[in-house]
Every structure is written in structure tokens, then in C-alpha cells.
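Bear in mind these aren't lab numbers, they're just calculated from the coordinates by the rules spelled out. Fair warning: this is a prediction, and the values are worked out from it, not measured in the lab. Using ideal geometry, Cβ is built from the backbone for each residue, glycine included, and neighbour counts are taken over all protein chains shown.
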Amino acid sequence: MQRVMRSVLPPHSALSFQVQRDLPSSCRDLVEQQLTFQSCSSPDQILPEASLLPTHPPPTCSSDLLSGALRRGEFRVHYQPIVSAVSGQPVKAEALLRWQPAGQPLVSPNDFLAHLEASDEMADVGTWVLWQACHAAARWPGTRVAVNLSEAQFSRRNFVTTVKQVLRDTGLQPNCLELELTEAMLMTGSCYAARALRRLRAFGVRVVLDDFGTGFSNLSCLQFFPFDGLKLDRSLVQPLQRRDARSLTIVRGLVELCQRLQLEITAEGVETPVQLRTLQAMDVPLLQGYLFARPQECWTPGTTKLAEGPERVKWDSHF
């Protein structure tokens, strides 16, 4: 798995692209068209995740700096609500890992995750996030919490036992916890993974396939592993902004597939009213993105309100 909590963690920051001139013209045109689209300035433009944009030179990150960060209390957990497409009310929230070195501002996940994953502390940090998220969610009656797993954490043979113990210690009901996994981490030791997921679901914990639509997403994953839900990656959601016919067909087909398999589907990376209305028309039940709320450290269900500014949207039953 390539991240501690990469959906748990907003995945993109300001990037610069250079189109290779030796590409075939059709490919080059497609890339340039996409970059032009993403830099549009209309009221419905794709909004950058401002919390990750560099406003100051980030501290030099290395495994040495991260070593002991958990012991020093430098990690934080922020929460981003996932809302009902019908009412706009939060149904659950996703736990997002943040790092704030002593005397420094928050560091973008893009600047430290790779180092953390390469360290021996990855699994312990993941367990800490799980405990923090469950402890917080125990005070959210009727609202679930979603926690992304790291490969190092999930591959521990006592992982299921650890999850059960965390739930007992925090008092969170198992059906209020969702564990998000990517397909890549399930492919290593698939038999172990399938058994672990079945044990978790038997205990009442919900299991969700995360980042579906990235890499080489394989539909056989939905057949072999027991899931309660699926999250559409932002790479499938963003093209809906320009009403691309191919993208509409793909997303509509995936939504219908999930409905037939009785999988709860969530669209992540929703950033404009156009995307919202399109997903509502497809009967996607749950939505997540900066259009609704940004991650907050001290979040509770009662604090969620629609984002201010050009991305603000008025909920209307006639969408």
C-alpha cells in the first residue's frame, strides 16, 4: 500500500506539468486539454486543496525527523465528513493523518508519507490513528468513522485482534467503524487478507474498497473479497465536471454494479456543484470533498456546514 491514509489524507497538492513534445500529437493534445481544463477560472472550477498548497518552504523531511514523532506527540488526526447526497448531513467522517513537528506548521502528507512508510513506525502510527479515530467517534452517536489502513498495519498477524481490542477500549460499536483498504494491499497474501476481512465483518466492522478507479482496478477484487462499500476515486469524479460522455458511462456503470452487489458507494473528491448534481442524478448516496467541508481537527457531526465561497452549494431536493 502506498500510503498511511491516502484518501485519509488529501492526495494532491500544487503540481506543475511539462507536456513532452515527443508524444504523438493526439496524446499531447489530450494532456494539454486536460491541463487547460484543470486551470479554468469559472465559478464551477476544480478547487485545489488549499491546505496542501505551499505557503512557506516546508521543513526538510527525512526518516530521521519522523523517527520518534509518535512518541513526541507530533501527529494529529483531522476529520473530513462524508455526507448524504440527499440531505447534505454527515453520515460518517474519514480520519486523516497530519504531522506537525515541534514549532513548525503542519506538513503536507505528500512531504512525509513516503518517509513514514519506509520506517519501522508505520504500523504503530496506523494503530495510533485507529485508536484516536475510534475514541473520537464514540462521542458521535449515529455517525461512523472511516480509517485507512497501511499495508504494514494490515499485514500484522494480530491485526484483527488489535481492532477488536481498540473497539473494546474506546467503547465504539463495531458497526460504527469502517476500515478502508486499497486493492494493491489485498493482492499480497490474498488468502490471509480474505480471512481477515471476513473475521472483521463477522465482528460487525464494515470494510470498504478505497481509491477504486486508480491503477489497474480489477473487478475480480469485488468477487473475491467481502466488502460493504466502495469509494470512487477522484480521478473518476473530476471528469464529470466537463460532462465527458465516456466518463459518465463508466461512473454510471460502476454505480449500477455497486447497487446490484449491494455495496454502499461513496464518491470522493467532489469539488463543484456540477459534479454534485451529476452524482445525485446517478443516485450515488454518499459524497466527500471540499465542496462540503474541509478536514478539521476538532470535528463533530454538529459542526459540519457547507463550505463558503464559490464552492458553496445550496441543497435542493430538485437537484
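Data overview
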| quantity | calculated |
| --- | --- |
| Residue among L197, T266, V284 farthest towards the positive dipole end of segment 179-291, charges placed on Cβ | L197 |
| Distance histogram for segment 61-303 (every C-alpha pair counted, 5 angstrom bins, percent rounded to whole numbers) | 1, 6, 13, 17, 19, 18, 14, 8, 3, 1, 0 |
| DSSP-defined antiparallel bridges as percent of all bridges, segment 61-303, nearest 5 | 35 |
| Taking the convex hull of Cα positions in segment 220-311, its mean projected area over all directions (nm²) | 7.1 |
| Rg/Rg_globular for segment 94-179, with Rg_globular taken as 2.2 N^0.38 Å and Rg from C-alpha atoms | 1.14 |
| Label-point separation, L106 to I250 (7 Å along Cα→Cβ), nm | 3.0 |
